[in-house]
Amino acid sequence: MTSTVHSPITPSTEPESVLALARQLRVDSIRATTAAGSGHPTSSMSAAELAAVLLTRYLRYDWGDPARRDNDYFILSKGHASPLLYAMYRAVGVIDEAELLGTYRRGGRLEGHPTPKLPWVPMATGSLGQGIAYATGIALAGTRMHDEPYHVWTLCGDGELAEGSVWEALDKAGLNKLTRLTVIVDVNRLGQTGQTEYGWDVAAYAARARAFGCKVVEVDGHDVREIDAAYDAALISDRPTVILARTVKGYGCSAVADSPEWHGKPLPADLAEQAVAELGGPSHLRVMGPGPLGADERDATRRRHVPSPTPPFVQAPTFEQGEKVGTRVAYGKALVALGEDQDVVVLDGEVGNSTGTGQFEEAFPERFVQSYIAEQQMIASAAGFAVRGWRVHAATFAAFLSRAHDFLRIASIDGPPIHLAGSHCGVEIGPDGPSQMGLEDIAMMRALHGSTVLYPADANSAAQLAVAANRLPGISYLRITRGSYPVLYPSDEQFPIGGSKLWGEGADDVATLVGAGVTLHECLQAARELAHEGLPVRVLDLYSVKPIDARALRRCATRTPLVVTVEDHRPEGGIGEAVAAELTDVPCLVRRLAVRDVPGSDTPERNLDAAGISARHIVRTVRETVTRATADSA
């Protein structure tokens, strides 16, 4: 294999040249963190040889065109070792020395953990245990979609192997025989507060990785010949490969090597100067690694479809007013309609016959991905497909998405579009009991940066919003209900994102009832009962929870003295708080009905009533509030 490191490195001194690059990566990691006064130089130094061999000989990448679909991927799962990544970028010439030494400066691209602000970073990392999962998702996309013959390399630390998400990822990697995936584990023994779970007991990690169907190679992580042989073996493996590299944290600097005292601490100027001198001083090696595989090296027998960046127009399915249809059923039919677009992929967490995704699986099995009961990896895989340009929809019970919230949090950092649906929301699901009731999901999804949260009340709105979500950026969330309810809206009704629907506006309205999903039906029933009592109210369907229709809310609040929000959700972070936040400067009274106690198993109707969010409680709240206000003004 010929050398790919350019002058002054020559093929006749290849091992030495790679070691010289490794020394440069260490030196640059020290210089960058000392200049910043922050960062993880010792965590970067342990993996320098692993990075140098990969960069010079194996990572097929066109650094001038990071958007090329046949580029390999390198994902830094141990995101705190970002100084090493930035040193690699300097070595290939995509950042200069001034930018490297300006690491961690406000407004700059080189942040404490890598984000897609850099065009060579496909996903943000830093929450340990996630990079392997995202790498698995990207490799799975290549395998399932017959995509370009790229390889996915990910570098992680031994400390993060304590995270369950790592083993979810390796389970799916082994199950799907992801030969394009190589996981490089930097086993440097030390974590933040001392020794990691198994320290240098590489055999313990090896047994676990083999149990999940991975090829395991154990190497000295500072021996470039062993590393080279391991990487070469990974490329011809019939399974995903895990390379366990025994390394020394802070390697190359005798004052900090294998010391538990230097995690996350930049070297002070005098010690940094000593360490740089010990490593031979600053250098300016430039690297041009192997480029992507040429057309003649690809498997020409496989048809490769490149997703279009622009979704085509899709007509949402429609339903007759008055018929009873669950919004989860409408969601499934909408996915089938979207599936006519060859770029749509659907993932599910082994509940497709409940979420509605089973309809898509039946129609388009080649673009349906079964994630089984592994919600974290389901989201990571969704992100992996989305990174490759596929339009991704993923669904499970709303309650179970809480397991994957950290993945959603990281994916919301400049990540690709991911369209989610959560079924079986709230106490409405009835007999299944509180462990299955999604009662925190609106708050969870609203809190994500750039997210969209939608909660349709009937089949026509659910179908339209599912189709509309397909075009949204960022993370979108569709909250769908288990039970079947009457279709409220005509088939030609439009549901713009950020809108709402107003029912029964009158000049003498004493209150505005705000509901969404199942509680809209309760609000409409309450409005009919209140009208019989001579207490006219209007009802606002807040199907778009985020972005919220602030204009409609404020208009209603200025015309009625009372606003009552009703939600099948906890009071914290839900619809009531969203509405109240928009009405802080409007002189009206806001009463919030939500699920405040621990619910139990019963019929949906009894559960709604026991939670205080049924029509009966809405009527009582309006009646008592109006009566009290009348008495106070008398």
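Coordinate-derived values only; no laboratory data. Note that this is a predicted model, so its numbers are computed, not measured. Note that each Cβ is placed from the backbone with ideal geometry, even for glycine, and that neighbours are counted across all protein chains shown.
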- Message: Report, in listed order, any pair from 78/117; 333/501; 172/215; 117/172; 117/249; 172/333 with a Cα-Cα distance greater than 20 Å.
- Response: 333/501; 117/172; 117/249; 172/333
- Item | Share antiparallel - DSSP beta bridges, the stretch 501-633, percent rounded to 5 | 20
- Message: Below 8 Å, C-alpha to C-alpha, sequence gap of six or more: please give me the relative contact order for the chain in percent.
- Response: 12
- Which value in nm describes the separation of the simple spin-label points at residue 559 and residue 492, placed 7 Å from the Cα toward the beta carbon? 2.5
- Message: Once you order the gyration tensor axes a ≥ b ≥ c over the Cα atoms, which shape class does the stretch 324-486 get: rounded for a/c under 1.5, otherwise prolate or oblate by comparing a/b with b/c?
- Response: rounded
- Item | Point-to-point label distance, residue 372-residue 414, nm (Cα→Cβ direction, 7 Å offset) | 3.5
- Grab the beta carbon distance between residue 627 and residue 342, set R0 = 41 Å, and tell me the FRET efficiency rounded to 0.05. 0.10
- Task: Among DSSP beta bridges lying fully in the chain, give the percent that are antiparallel, nearest 5.
- Result: 15
- Can you put 288, 444 in order of Cβ neighbours within 10 angstrom, beginning with the fewest? 288, 444
- Task: Using a Förster distance of 30 angstrom, determine the FRET efficiency expected from the C-beta separation of residue 616 and residue 584, and round it to 0.05.
- Result: 0.50
- Could you size up the charge dipole of the chain around its Cα centre, putting +1 on the beta carbon of Lys and Arg and -1 on that of Asp and Glu, and report it in debye to the nearest 20? 600
- Which distance in Å, rounded to a whole number, links the C-alpha centroids of the stretch 536-561 and the stretch 417-474? 20
- Note on the structure: Stretched fully, the stretch from residue 308 through residue 204 gains (0.36 nm per residue minus C-alpha distance, one decimal, in nm) 33.0 nm
- Let me know the charge dipole size of the stretch 8-121 about its Cα centre in debye, to the nearest 20, where only the beta-carbon of Lys, Arg (+1) and Asp, Glu (-1) is charged. 340
- Item | Loop chymotrypsin sites (Phe, Trp or Tyr not before Pro), the stretch 469-561 (other Cβ atoms within 10 Å of the site Cβ: 11 or fewer; DSSP) | none
- Determine the shape class of the stretch 501-633: with a ≥ b ≥ c the square roots of the Cα gyration tensor eigenvalues, call it rounded for a/c under 1.5, and otherwise prolate if a/b is greater than b/c, oblate otherwise. oblate
- Message: Loop-only GluC sites (Glu not before Pro) in the stretch 344-415, please: DSSP not H, G, I, E or B, and at most 15 other Cβ atoms within 10 Å.
- Response: 350
- Item | Using a Förster distance of 35 Å, the FRET efficiency for residue 321-residue 551 (Cβ separation, nearest 0.05) | 0.85
- Which value in deg cm²/dmol, rounded to the nearest 500, describes the helix-derived mean residue ellipticity at 222 nm for the chain, given -39,500 (n - 2.57) per DSSP H run of n ≥ 4 and division by the residue count? -10500 deg cm²/dmol
- Query: Hey, of (i) -0.39, -0.51, -1.12; (ii) -0.41, -0.56, -1.39; (iii) -0.54, -0.66, -1.25, which did the structure itself give for log10 I(q)/I(0) by the Debye sum over Cα atoms at q = 0.06, 0.07, 0.12 Å⁻¹ when calculated?
  - Reply: (i)
- Message: Report for the stretch 324-486 the percent antiparallel among DSSP-assigned beta bridges with both residues inside it, nearest 5.
- Response: 10
- Query: Which of 156, 214 comes first, and how do the rest follow, when ranked by fewest Cβ neighbours within 10 Å?
  - Reply: 214, 156
- Between 130, 88, 256, whose Cα lies farthest towards the positive end of the dipole of the chain when Lys and Arg beta carbons carry +1 and Asp and Glu beta carbons carry -1, centred on the Cα centre? 88
